[in-house]
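> My structure is below; once you've seen it, I'll send some questions.
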Amino acid sequence: MNLRDLHIIVTGAARGLGAHFARALTEAGATVAAGDIDEDALGELPASVHRRRLDVSDAADCDAFVAWAREAMGGLNGLINNAGIIRDGLLVRKDRETGQITRLSDEDWRSVLGVNLDGPMFMTRAVASSMVESSTAAGVVVNMASISRHGNRGQSNYVATKAALAANTVTWARELARYGIRVGAVAPGMVETPMTAGMNQKALEQFVAKIPVGRIGTPHDIWLAVKFIIECDYFTARTIDVDGGIGF
């Protein structure tokens, strides 16, 4: 698919990877609709980007956003499910001094599932419905998974969502192929984003030391994988790990 033929939605587009994708797509000639709960930050995107508040954990809001985006862009044939949050914490932790037991809270579990898993399902369902209804000749959905999907200490909630999203990439690709819709996923490793900017420097250095290429990724590194999925019409139902070789 040619990027200039794209009418695409990017979720979580106010900052980080989502903002980078929205800008890169716009520069490449695509028509972009950007959604995020942070309306003020959305205002920093190029003026040509269509912008509106979006809470991906709300099914009705997703349906309304997709209908608006299709009308605003004059069509809809693409989606990047980028919106995501982290609420890290051990499942169970015992304080060494007091012996007090703390547990991963229900709120932290459900909030991450709401954004990271419900959100992509709500958005993909709405976008696919729109494409099928309008008999779109070809469409593409890109899910943002993570190398954490293989399991990562302190991330039960995040891991569950990213593993499920990678699996649903296969499921949705097989279900939607009959309508000309491809579905692929990108699984980043550590990337330079606002999420990682506040990370403890010593911990960051220890992590980087394990990466074969000797650095964490940049938003551009991840964009190249997203761009490949969009442009390669023979790619579907697979997840691309972009992690500098660290693996699991």
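> Just the number, please: Stokes-Einstein D of region 103-203 in µm²/s, Kirkwood Rh from C-alpha pairs, 4 °C, 1.567 mPa s.
Details: Rh = 15.1 Å.
It diffuses with D of about 86 µm²/s by this estimate.
> Computed from these coordinates, which is Cα extents along the principal axes in Å: [x] 53, 46, 29; [y] 57, 41, 35; [z] 62, 38, 37?
[z]
> Kindly express, to the nearest 10 degrees and within the range 0 to 90, the angle between helix 16-27's C-alpha long axis and the longest C-alpha principal axis of the chain.
On a 0 to 90 degree scale, this one is about 20.
> Write out the GluC sites (Glu not before Pro) in region 58-136 meeting two conditions: DSSP loop, and at most 12 other Cβ atoms within 10 Å of their Cβ. Spell out each step's value before the answer.
Working: sites: E71, E97, E107, E133; in loops: E97.
Here the GluC sites (Glu not before Pro) that fit, given the DSSP loop and packing criteria, are E97.
> Heavy atoms only, probe 1.4 angstrom, no DNA, RNA or ligands counted: give me M121, M131 ranked by accessible area, highest first. Mind showing how you got there, number by number?
Working: M121 70, M131 5 Å².
Solvent-accessible surface, decreasing: M121, M131.
> Right, something else. Compute the long axis of helix 156-176 from its Cα atoms, compare it with the longest principal axis of the Cα atoms of the chain, and write down the angle in degrees, 0 to 90, nearest 10.
Around 30 degrees separate the two axes.
> What fraction of the DSSP beta bridges in the chain is antiparallel, stated in percent and rounded to the nearest 5? The partial results should precede the final answer.
Working: 3 of 31 bridges.
Just about 10 percent of them are antiparallel.
> Would you work out what percent of the accessible area of region 81-131, with all protein chains in place, is carbon or sulfur (probe 1.4 Å)? Walk me through the numbers before you get to the answer.
On the way: 1480 of 3120 Å².
Here it works out to 47 percent.
> Between exposed trypsin sites (Lys or Arg not before Pro) in the chain, where DSSP calls loop and at most 14 other Cβ atoms lie within 10 Å, what's the longest gap?
Working: sites that count: R96, R153, K210, R215, R238.
Here the longest segment lacking exposed loop sites spans 1-95.
> Let me ask you something else. Can you compute the helix-only [θ] at 222 nm over the chain? Use -39500 (n - 2.57) per DSSP H run of at least 4 residues, normalise by all residues, nearest 500 deg cm²/dmol. Intermediate values should be presented prior to the final figure.
Working: 9 runs with 100 residues, N = 248.
Counting only the DSSP helices, I get -12000 deg cm²/dmol.
> Over the C-alpha atoms of region 1-114, what are the Rg and the largest Cα-to-Cα span, Dmax, in Å?
18.2, 62
> What's the magnitude of the charge dipole for the chain around its Cα centre, counting Lys and Arg as +1 and Asp and Glu as -1 at the beta-carbon? Answer in Debye, nearest 20. The partial results should precede the final answer.
Details: 25 positive and 28 negative charges, 144 e Å.
Charge dipole of the chain: 680 debye, to the nearest 20.
The values are calculated or read from the model by the stated rules, or taken from the named source; none is laboratory data. Worth saying up front: this structure is predicted, and the values here are computed from it rather than measured. Cβ atoms come from the backbone with ideal geometry, glycine included; neighbour counts cover every protein chain shown. Heavy atoms of the whole protein, side chains included, go into the accessibility calculation; ligands, DNA and RNA do not. Shrake-Rupley method; radii C 1.70, N 1.55, O 1.52, S 1.80 Å.
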